[in-house]
Amino acid sequence: MKLPYGYVLNGEKVVIHEERADTIRSIFEYYLAGASLGKIVDMLLTKGILSPTGNPKWTRAAVDKLLANKKYVPIVGMEAYLDAQFERDHRCNVDYDKAGHPRKATRYRSPALKTR
């Protein structure tokens, strides 16, 4: 079983890794303060914080996945987690049609394609 970033196995018990928990709290704080996923990645790189895979640079997808993971509620609290989910939905560029299916708000066409 792979543990989420910020948790470690202590004997047979899963516990919070405090140093990484501070990183998780910082990610949520920056995001709720208005920072983009890219700005958070830059902040983590500047601070020298390794990604969950051990790479020096985090990906935006990794930060987004972290923000969406319910397993971080014990670290950041329910209010911050729910605020981040609301913010993620608000910032999303996916629109929904009348049937509730996700679709982009704008459709892009290649200028190379001929119109009929």
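The values are calculated or read from the model by the stated rules, or taken from the named source; none is laboratory data. All values reported here derive from a predicted model rather than from experimental measurement. Please note: Cβ atoms are built from the backbone with ideal geometry, for glycine as well, and neighbour counts cover all protein chains shown. The protein model used for the area step is the full one, side chains on, heavy atoms only, and it has no ligands, DNA or RNA in it. Shrake-Rupley method; radii C 1.70, N 1.55, O 1.52, S 1.80 Å.
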Exercise. Just by accessible area at a 1.4 angstrom probe, what is the order of Ile16, Ile27 from largest to smallest?
Worked result: Ile16, Ile27
Exercise. Which net charge results for the neighbourhood of Glu19, defined as the other residues with beta-carbon distances under 13 angstrom from its beta-carbon, given Lys and Arg at +1 and Asp and Glu at -1?
Worked result: +1
Seminar exercise, completed: With R₀ set to 22 angstrom, the calculated FRET efficiency between the beta-carbons of Phe86 and Asp64, to the nearest 0.05, is 0.90
Seminar exercise, completed: Filtered hits (aspartates and glutamates, Cα-Cα < 20 Å from Lys71, offset >= 8 within chain) -> Glu12, Glu18, Glu19, Asp22, Glu29, Glu79, Asp83, Glu87, Asp89
Seminar exercise, completed: The long-range amide H neighbours of Tyr7, using H built 1.01 Å from N in the peptide plane and a cut-off of under 5 Å, are His17
